[in-house]
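To keep things clear, I will list the structure first and then write my remarks on it.
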Amino acid sequence: MSGTRRKEEGRWAWRLTGFVTLCVYIFMFAPIVATVILSFNASMFGGFPMTGFSLQWYAKLMNNDAVLTAFRTSLWIALVTAVATTAIGVVTAFALVRFEFPGKQALSTLVILPALVPETILGVGLLVLIKAIDQPRTMLLLVLGHILLAVPYVVLIAQARMVGIRRVYEEAALSLGASRFSSFREITLPLLIPAVVGGALLAFTISFDNTSASLFWRPAGVETMPTQILSMLKISISPEINALGTVMILVTVGIPLVGGLILQSLTKLKRRGEPKEEVR
Amino acid sequence: MKQSSLREHKRLEEGAYIRVRMNNRWTLYDPRLAWMLVAPVLLLLIFFLVLPIAVMAAYTFFTFVTAGVETSALTTANWQEFFTDSYYSGFLLKTLRVGAITALLCGVLGYFPAYFIWATSFKHKWLLLLLLIVPFWISFTIRTFSWINILGEQGVINVALLKMGIINEPLQMLYNEGAVILGLLHFLLPYMILNVYVSLEGIDRTLIAAARSMGCTSAQAFREVTLPLSLPGLAAGLLLCFVLAAGSYVTPQLLGSGRDALFGNLIYDTIMGELNWPMGATLSIVLFVVLGFFAAIYTRYMGMSQIVKGLAG
């Protein structure tokens, strides 16, 4: 008797868990869905109800020079950030996993810090520094700042992958006469590819999406996409912003998804040729 | 005889070692090579993270003259102003309160989905996990302002309620502290769920089966086994949510009124608006130290639990 009651209790607890989960997922995506839907609204006002289907806000967006310039700026910054961060991050992860050197522990803690310190503090700090040495804010500063913000994630991703690659492969290449560089390029790097691609994509999104720190670091007169959106929001909520949001979602969700799919098919192709490896 | 040959051998080896050193030949995993590899990141961290915070700490003692101008005459005026003016401590307390409320709500609301994903027998579990990662890819600014389409005067809720005739006037749901916390919750929930999920994944499922076979109900097994073992992930999630919420700038800016500004907004306005750099630096250092204090408590506590875990395992 009490057994069935307990079973009932367990079932109810499980149902409650499922229900809360569903609510959380709805909570996560409802605003985004609403924004995408509203971007096709024919109404002049950026809100419900829908008065008809229209692409006019996208057309308007295509003619908005400020938005296009900001988009291009952000795209370039994000591309440079992704490439540079991946290069230095992967090499750092290699050193942190393979080598023993004094200060290694301190460095691996220090490298995670930019992800933990609030952006406002990082933003103010760098500004105070360049003010103290009397330097102007430049594009280079902004890009280097973005690299700083993205580097912890790339190092962590590459480190996690690196740990799983046994060093005997590289050492075998070295003992067969390969140079340090070519053993890294021919052995380590191909095995690291998933981390390289994953890290680069993440660095791209972090840079493309960065708002708070960019507000401090951008050179006078330069707008990145998020700061442009912020300044547009200060004026009013027009349906144009909803259209812009939808385009941004397509870019930032589409790129990693496509990248992930390509990566998956790549590793699948490779798996076929490889002898069975231990799972994970 | 044997002794001397051994000594001879050792001497030869030492000689070889010294020769290598003299040739400056690098060993396979030479620390010098490691330093060269980490040099770019190290330089970046020094010049963009360590040095700025150090200079900022020095700036807190500079004298503010007028907007945008300060002298390096040392003073404690900024710190005195911070500690005596209740305006600043009020801001700090409000920020910590909002951060704590957000983190706790994240913990409560985030545990259920994490547990569900971990325990479900649903075949496409990866899809649920992917959906958790997708928000990380969507611009934070867009995710935040999209709440205006839900809560605003022309948002989903108001339009639906007006249509149904439940209300005559649109409800004012935006630009208050609740909206700010809601926006922060929306931004931080994925962090929490993933943290808890990772620590749940680390639990040996046979422990739960063992508890059940010893007569535990599923609720007891959860309370005695699953929940305690997932606490490290929950604690990590709480710290992360707290720190990120307390350091936020965009969310209060977009979803709050002037009264709901948090410490990050105060810092921004002090520097970009009033151009009072010494005070801005002081406020930044305060936030840095306060959040660092919480992180230190956490590491200490987690270090302890790691030891306990090591002893138990």
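The values are calculated or read from the model by the stated rules, or taken from the named source; none is laboratory data. Note that the structure is a prediction, hence the values are computed from the model and not measured. In this analysis, Cβ positions are derived from the backbone assuming ideal geometry, glycine residues included, and neighbour counts consider all displayed protein chains.
Could you pull out the residue among A:E170, A:E186 that is acidic (D, E), crowded, with 20+ Cβ neighbours inside 10 Å and in a helix (DSSP H, G or I)? Sole residue among the options that is acidic (D, E), crowded, with 20+ Cβ neighbours inside 10 Å and in a helix (DSSP H, G or I): A:E170. Checked against the criterion of being within 12 Å of chain B (Cβ to nearest Cβ) and at pLDDT below 90, the candidates A:A106, A:A93 yield just one match: A:A106.
Does A:E186 satisfy the condition of being over 23 Å from A:D65 (Cα atoms) and more than 9 Å from chain B (Cβ to nearest Cβ)? It is true that A:E186 is over 23 Å from A:D65 (Cα atoms) and more than 9 Å from chain B (Cβ to nearest Cβ).
The set of residues from segment A:128-148 being at the interface with chain B (Cβ under 7 Å from one of its Cβ atoms) and either more than 28 Å from the chain's Cα centre (by Cα) or touching a residue at least 40 places away in the same chain (Cβ under 8 Å) (or both) comprises A:K131, A:A132, A:G145, A:I147.
Scanning segment B:82-94 for any residue that is acidic (D, E), in contact (Cβ under 8 Å) with a residue 40 or more places away in the chain and more than 9 Å from every other protein chain (Cβ to nearest Cβ) turns up nothing. Picking from residues in segment A:215-233 that are closer than 22 Å to A:I255 by Cα and among the hydroxyl-bearing types (S, T, Y), the one that is farthest from the other protein chains (Cβ to nearest Cβ) is A:T224. Residues in segment A:164-187 that are of a type outside the set (D, E, K, R) and touching a helix residue (DSSP H, G or I) at 6+ places or on another chain (Cβ under 6 Å): A:I165, A:Y169, A:A173, A:L174, A:S183, A:I187. Taken as a whole, segment B:116-137 holds at least one residue that is under 21 Å from A:A150 (Cβ atoms), more than 7 Å from chain A (Cβ to nearest Cβ) and not aromatic (F, W, Y).
Screening segment A:40-73 for residues that are over 29 Å from A:G221 (Cβ atoms) and of a type in the set (A, V, I, L, M) and picking the one that is nearest to the other protein chains (Cβ to nearest Cβ) gives A:M50.
Looking for something more than 9 Å from every other protein chain (Cβ to nearest Cβ), part of a helix (DSSP H, G or I), farther than 23 Å from A:I88 by Cα and of a type outside the set (S, T, N, Q) - is there at least one such residue anywhere in segment B:59-73? For segment B:59-73, residues more than 9 Å from every other protein chain (Cβ to nearest Cβ), part of a helix (DSSP H, G or I), farther than 23 Å from A:I88 by Cα and of a type outside the set (S, T, N, Q): absent. Entry remark, segment A:173-182: residues being part of a helix (DSSP H, G or I), more than 11 Å from chain B (Cβ to nearest Cβ) and surrounded by 14 or more Cβ atoms within 10 Å (Cβ to Cβ) number 1 in total. Counted as qualifying within segment B:210-285 are the helices (runs of 4 or more DSSP H) with 1 or more residues that are of a type in the set (A, V, I, L, M), in contact with a helix residue (DSSP H, G or I) (Cβ under 6 Å, 6 or more places away or on another chain) and closer than 22 Å to B:G107 by Cβ, namely B:218-221, B:227-246, B:250-255.
For segment A:17-55, filtering for residues that are farther than 23 Å from A:V253 by Cα and either among the aliphatic types (A, V, I, L, M) or assigned to a helix (DSSP H, G or I) (or both) leaves 7. A single member of B:I150, B:I181, B:I193, B:I101 is at the interface with chain A (Cβ under 8 Å from one of its Cβ atoms), under 25 Å from the mean Cα position of the chain (by Cα) and either without any contact (Cβ under 8 Å) to a residue 60 or more places away in the chain or assigned to a helix (DSSP H, G or I) (or both), and it is B:I193.
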